[in-house]
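K.L.:
Take a look at this one; I'll ask things after.
The values are calculated or read from the model by the stated rules, or taken from the named source; none is laboratory data. Remember, predicted model here, so these are calculated numbers, not experimental data. Neighbour counts are summed over all protein chains in view; Cβ atoms, including those assigned to glycine, are modelled from backbone coordinates with ideal geometry.
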Ligand code: SER
């Protein structure tokens, strides 16, 4: 049996031996990135470096990154898909030697000193070529030389780009474990999801960049290699397990549910699915609630996804006769497992449990009523159908937008939950109708969420960089006025505006707002240079730089200095000079949560 930790250690040792340097993983909630709700891959927070910025740790780095991918939510319940997973990553910045990387990947997978997998159980895919780039002969040759027999070519599945299609991208080569299952048909390949081939690792050769949406990919001046291995899946295959839930902490959670639920894990296909959904969704929820940024269930952004995870888990718990109050016990299992590596969730153990149980209390009451309402809706349609069939009229199995919205608004059913229940009954939901109702009923700000789901690249456009610089000036202004105890509690930047959360015990007066605005505009008018230095965290601390200091001792960080006004530890990017910001204007000051104020501001 190999544990998650042992696999991590092997990864660290292997890449350390090959001259890579370890960096810390990032938060699960991206900062200053308007386009995605969660960190979806290890490369995600590294975009500025993949686009050419110098990384303080050098050009060969590795890490372990906690990731959430909501795109896989509907597949959760099978043996391999998870919304939360840990990704083992490594990067070669500014160089792209495919043959070398493929040979390293092969060595790690097959060497008895590392994973010791039989090469005949491995299959790989290679880029087949498209109108941007030719077939990847070099990757093919390298795998052949390694002795891999099952090599498949695709063009679509072997082109890696971020969700929005903008940013660094390129051909990739994916590694699969052949589970030995019968082929599902003549054309069975890693591209089908029959379960024969399980993807465990992906080497992306980032040789291209799409600068703006809709534009064609251009050659990246300094290409990179970005690789990511799925920790849970790899542990599962190394343990000869049938699913990712059969070992380690996920298994302990399944066992805990099994000990306390009326319906047992293996009773039926649907009970297996329900157990796995609870197990997966509560792990994601533990990590979101445990993040220092303090996300709680709500109807927008990350809070909405969190709510969706918890409510879906509550619904599954209801189906297997498992008391949702015991979710707190599951949180404990997760915090015990991960608290050592992720100190946030350790220090927030109590908060996670409290917030989760608050959501349980909120939704459990409405759930039974909502189920009754749902049945009523279906019965109504069925009756209508029976009646209509006499006159030859066809009534489709569709739940109207209005009914779906009522379930959402009155009973707290996330649309996706209604869709899932509908599917079980052979129904669909009129999503457009729901959206229409939603639009009519929700205030404008809630709509922001919809755009964010599309996903995409961290917006590294100039405007975002300028707003980022304005955020530093704003914090400096607030600290000058209210003292150094005022710190950043959250930040979110879109190309249009900045949003900044900070601790303060009162609503800011008009005079105070004017004063802080003037402070920022004064810094802009003084045309201050923005400079960046790389230094050790302890030097940064000694120099008086602000930051949350979650970095480890000895780690190198970037410190951005704006003239004599601000000094902060930060990843960038920023303006070069404050004059680029033109003029700063606060458009809103409001409460964000208890003791936390929120400022929205623009540059005009
Ligand atoms: N970015 C690639 C992926 O997500 C490799 O890390 O698969």
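K.L.:
Restricted to the stretch 117-142, and to residues that are within 30 Å of residue 5 (Cβ to Cβ) and out of contact with any helix residue (DSSP H, G or I) (no Cβ under 7 Å at 6 or more places or on another chain), which residue is surrounded by the fewest Cβ atoms within 10 Å (Cβ to Cβ)?
P.N.:
118
K.L.:
Among the candidates 359, 355, which residue alone is closer than 14 Å to residue 413 by Cα and assigned to a helix (DSSP H, G or I)?
P.N.:
Going through 359, 355 in turn, just one is closer than 14 Å to residue 413 by Cα and assigned to a helix (DSSP H, G or I): 359.
K.L.:
Among the residues of the stretch 1-35, what is the count of those that are within 16 Å of the ligand (Cβ to nearest atom) and part of a loop (DSSP other than H, G, I, E, B)?
P.N.:
8
K.L.:
Same structure again: Residue 350 versus (1) part of a helix (DSSP H, G or I); (2) over 26 Å from the mean Cα position of the chain (by Cα); (3) exposed (fewer than 13 other Cβ atoms within 10 Å of the Cβ): which is the lone unmet condition?
P.N.:
(2)
K.L.:
Still on this structure: Failed condition for residue 245, given (1) away from the ligand (no atom under 16 Å from the Cβ); (2) surrounded by 14 or more Cβ atoms within 10 Å (Cβ to Cβ); (3) closer than 30 Å to residue 94 by Cα, with all others met?
P.N.:
Going through the list (1) away from the ligand (no atom under 16 Å from the Cβ); (2) surrounded by 14 or more Cβ atoms within 10 Å (Cβ to Cβ); (3) closer than 30 Å to residue 94 by Cα, residue 245 breaks only (3).
K.L.:
For residues that are in contact (Cβ under 8 Å) with a residue 60 or more places away in the chain and under 20 Å from the mean Cα position of the chain (by Cα), scanning just the stretch 201-222, find the one that is farthest from residue 160 (Cα to Cα).
P.N.:
Checked the stretch 201-222; the qualifying residue farthest from residue 160 (Cα to Cα) is 201.
K.L.:
Something else: Could we say that residue 122 is within 16 Å of the ligand (Cβ to nearest atom), farther than 23 Å from residue 52 by Cα and touching a strand residue (DSSP E or B) at 6+ places or on another chain (Cβ under 9 Å) here?
P.N.:
Answer is no for this residue.
K.L.:
What about residue 117, is it more than 24 Å from residue 216 (Cβ to Cβ), touching a residue at least 24 places away in the same chain (Cβ under 8 Å) and over 28 Å from the mean Cα position of the chain (by Cα)?
P.N.:
For residue 117, the condition - more than 24 Å from residue 216 (Cβ to Cβ), touching a residue at least 24 places away in the same chain (Cβ under 8 Å) and over 28 Å from the mean Cα position of the chain (by Cα) - is met.
K.L.:
List the residue pairs whose Cβ atoms are under 8 Å apart, where the first residue sits in the stretch 223-245 and is in contact (Cβ under 8 Å) with a residue 24 or more places away in the chain and under 23 Å from residue 278 (Cα atoms), the second is within 14 Å of the ligand (Cβ to nearest atom) and assigned to a loop (DSSP other than H, G, I, E, B), and the two are 6 or more positions apart or on different chains.
P.N.:
Cβ pairs passing all conditions: 232/82; 244/82.
K.L.:
Is there a residue being away from the ligand (no atom under 16 Å from the Cβ) and under 23 Å from residue 102 (Cα atoms) anywhere in the stretch 206-219?
P.N.:
yes
K.L.:
Hey, another quick one. Pairs, please: C-beta under 8 Å, at least 6 apart or cross-chain, first residue farther than 11 Å from residue 224 by Cβ and at pLDDT 90 or above and in the stretch 41-62, second in a helix (DSSP H, G or I) and within 15 Å of the ligand (Cβ to nearest atom)?
P.N.:
62/11; 62/15
K.L.:
Residue 321 fails exactly one of the following numbered conditions: (1) in a loop (DSSP other than H, G, I, E, B); (2) more than 23 Å from residue 490 (Cα to Cα); (3) free of Cβ contacts under 8 Å to residues at least 40 places away in the same chain. What is the number of that condition?
P.N.:
Failed condition: (3).
K.L.:
While we're looking at this one, here's another question. Which residue, of 173, 189, is over 21 Å from the mean Cα position of the chain (by Cα), surrounded by 16 or more Cβ atoms within 10 Å (Cβ to Cβ) and within 15 Å of the ligand (Cβ to nearest atom)?
P.N.:
One residue alone meets the criteria, 173.
K.L.:
Quick one: what pairs do we get from the stretch 169-180, first residue within 17 Å of residue 157 (Cα to Cα) and at pLDDT 95 or above, second assigned to a loop (DSSP other than H, G, I, E, B) and within 13 Å of the ligand (Cβ to nearest atom), C-beta under 8 Å, 6+ apart or different chains?
P.N.:
From residues that are within 17 Å of residue 157 (Cα to Cα) and at pLDDT 95 or above, the pairs are 171/158; 172/158; 173/158; 174/157; 174/158.
K.L.:
(1) crowded, with 20+ Cβ neighbours inside 10 Å; (2) touching a residue at least 40 places away in the same chain (Cβ under 8 Å): which one isn't true of residue 67, the others all being true?
P.N.:
(2)
K.L.:
Scan the stretch 36-88 for residues that are within 12 Å of the ligand (Cβ to nearest atom) and in a loop (DSSP other than H, G, I, E, B) and jot them down.
P.N.:
The answer is 39, 40, 41, 42, 43, 69.
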